[in-house]
Amino acid sequence: MQNESDISSLKKLAVDRLNWSRGLAKALFAGVPDDKLTAMAGGKGNHPLWVVGHIAVSEDGIVSAFTGEKPLLSDRMHALFKGGTEPTGNAADYPTRAEVEAASEEARKKVLAWVESFDERTIHQPAPKGLEGFAPDAISTALTLAMHEAFHGGQVASVRSALSLPRVFR
């Protein structure tokens with residue numbers, strides 16, 4: 001059993017890492033021109049718009065799996081951006097930048113509220129069936145969500161490089 005101080009420290013760490021990864025992702029995405037949001041490095045892989053939408057639906061779906069709550073984002077968003085979907089280069093296939101960014105913010109608020117709700121009973125709640133490969137328990141999942149966003153941020157950085165956009169971090 002963990003004491004309140006340990007639980008508070010783990011929650012603070014998770015929130016810190018989630019905020020760090022979000023800052024990274026937003027900085028990388030912000031400089032991509034609207035007409036290049038579906039560009040893919042080398043013509044393959046995940047484009048920036050898909051990455052931001054994918055992070056949003058992943059967070060929404062994963063937290064919903066833990067809490068039993070209905071996902072916040074639409075079925076259309078989940079269908080377009082869920083893991084395993086193949087991004088297209090056609091911008092007309094996707095919601096607007098503003099819609100995807102709003103979904104991203106909504107999903108992140110859900111994640112942060114979930115993390116803040118952790119207590120001695122829920123912080124080590126085992127991952128629901130099907131998510132064990134992502135992370136074994138609730139607190140590990142929160143940290144892995146930050147890592148997931150940073151990983152996909154690397155894909156956006158690759159697209160930025162392919163488009164000869166300036167580096168975000170020096």
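The values are calculated or read from the model by the stated rules, or taken from the named source; none is laboratory data. Everything numeric here is computed off the predicted structure, so don't read it as measured data. Note that each Cβ is placed from the backbone with ideal geometry, even for glycine, and that neighbours are counted across all protein chains shown. When the accessible area is computed, the model is the full protein with side chains, heavy atoms only, and any ligands, DNA or RNA have been set aside. Shrake-Rupley method; radii C 1.70, N 1.55, O 1.52, S 1.80 Å.
Rounded to the nearest 10 degrees, what's the angle between the helix 138-162 long axis and the longest principal axis of the chain, both from Cα atoms, 0 to 90?
Roughly 10 degrees between the two axes.
Only loop residues by DSSP count here, and only those with at most 12 other Cβ atoms within 10 Å; note down the trypsin sites (Lys or Arg not before Pro) in the stretch 19-108 that meet that. Show your work: numbers first, answer last.
Details: sites: Arg22, Lys26, Lys36, Lys44, Arg76, Lys82, Arg97, Arg108; in loops: Lys44, Lys82.
Hits after loop and neighbour filter: Lys44.
Find the relative contact order for the stretch 1-139 and round it to a whole percent, using C-alpha pairs within less than 8 Å whose residues are 6+ positions apart.
Relative contact order for the stretch 1-139 comes out at 31 percent.
In whole angstrom, note down how far apart the Cα centers of the stretch 39-60 and the stretch 127-145 are.
With the stretch 39-60 and the stretch 127-145 each reduced to a Cα centre, they are spaced 21 Å.
Of all accessible surface on the chain at a 1.4 Å probe, what whole percent is carbon and sulfur?
56
For the chain, what is the charge dipole size about the Cα centre, in debye to the nearest 20, if Lys and Arg each add +1 at the Cβ and Asp and Glu each add -1 at the Cβ?
I would put it at about 540 debye.
Once the cut-off is 20 Å, how many percent of the Cα-Cα pairs in the chain end up in the long-distance tail?
Counting every Cα pair in the chain, those more than 20 Å apart make up 52 percent.
What list of ³J(HN,Hα) couplings, whole Hz, do you get for the stretch 21-37 from phi and the Karplus terms 6.51, -1.76, 1.60, once you set θ to phi - 60° and write x for glycine and proline?
5, 5, x, 4, 4, 5, 5, 5, 6, 4, x, 7, x, 3, 6, 10, 5
For the stretch 123-170, compute Rh as the Kirkwood radius over C-alpha pairs and then the Stokes-Einstein diffusion coefficient at 4 °C and 1.567 mPa s; write the answer in µm²/s, rounded to an integer.
104
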